[in-house]
């Protein structure tokens, strides 16, 4: 009888033990401090490379010093600047052979196979374009942190998508939905643009990535990264303030469970394995 009671107690407690296990990050590698102010990172699985948006100057300066670099997914080979002549490039998104980059008041379109700028799409009234995401139909969404607006681009034509989102930054398209970081709020907008708040952050969001089942990884530029559950609970994964490294516009490889973190002023890219 005692053995049966012990077995029953163990069966009841195991699910609670599993649920209590908090997600964490295991550091895999980090580059030397050689990346020219990386704001965003994007993994191109088809070409086995990481694209890095390089500000290499003031974060809002139209100085022509910005660009896009390439880094191998294992962090071992940095190929330097691939696309030059940008200003203060930030968020990136990819659809097919096109790489889209938010750059102050325009979205730069790069032809990936040719490694050249194909065109620049001006966003009327914008000067603070920040994050960018592309949905599975090729529609581009880009945030303007200075005006509190989100613009969409369809067939290379830009239109206003949403407004009245002060401090809007991180975006992530998910089917017909759009995750939005606006100041401290983590929001989810559906296809009809109805918004609900998932949770609030202590300081203000930068990058947002999907883990699955409605869970997210969210970064705050000052050095924090959080795991945000679909129900709004959150767990702090990183605090890099003591290292004097930022946690800017992250990228999460869901297949490999690897998170890539741009260090911005720290001039590094760091990779972590998500453990759940």
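The values are calculated or read from the model by the stated rules, or taken from the named source; none is laboratory data. The structure displayed is predicted, hence computed values, not measured ones. Positions of Cβ are generated from backbone atoms using ideal geometry, with glycine treated the same way; all protein chains shown enter the neighbour counts.
A few notes on this one:
- Single residue of segment 36-68 satisfying the filter (part of a loop (DSSP other than H, G, I, E, B) and touching a helix residue (DSSP H, G or I) at 6+ places or on another chain (Cβ under 9 Å)) that is nearest to residue 272 (Cα to Cα): 37
- Options 143, 152; residue that is within 18 Å of the chain's Cα centre (by Cα), part of a strand (DSSP E or B) and either without any contact (Cβ under 8 Å) to a residue 24 or more places away in the chain or surrounded by fewer than 22 Cβ atoms within 10 Å (Cβ to Cβ) (or both): 152
- Among residues of segment 224-253, those that are surrounded by fewer than 22 Cβ atoms within 10 Å (Cβ to Cβ) and more than 21 Å from residue 198 (Cα to Cα), counted: 8
- Residues satisfying the stated conditions in segment 175-184, i.e. in contact with a strand residue (DSSP E or B) (Cβ under 9 Å, 6 or more places away or on another chain) and surrounded by fewer than 16 Cβ atoms within 10 Å (Cβ to Cβ): 177, 184
- Neighbours by Cβ (under 7 Å, 6+ apart or cross-chain): first from segment 218-238, at positive phi; second modelled with pLDDT of 95 or more and assigned to a strand (DSSP E or B): 223/239; 232/198; 232/199
- Any hit, segment 159-168, residues being touching a strand residue (DSSP E or B) at 6+ places or on another chain (Cβ under 7 Å), surrounded by 17 or more Cβ atoms within 10 Å (Cβ to Cβ), touching a residue at least 60 places away in the same chain (Cβ under 8 Å) and in a loop (DSSP other than H, G, I, E, B): no
- Any pair with Cβ under 9 angstrom, 6 or more apart, that starts in segment 38-64 at a residue that is at pLDDT below 95 and ends at one that is surrounded by fewer than 16 Cβ atoms within 10 Å (Cβ to Cβ) and part of a loop (DSSP other than H, G, I, E, B): 57/63; 57/64
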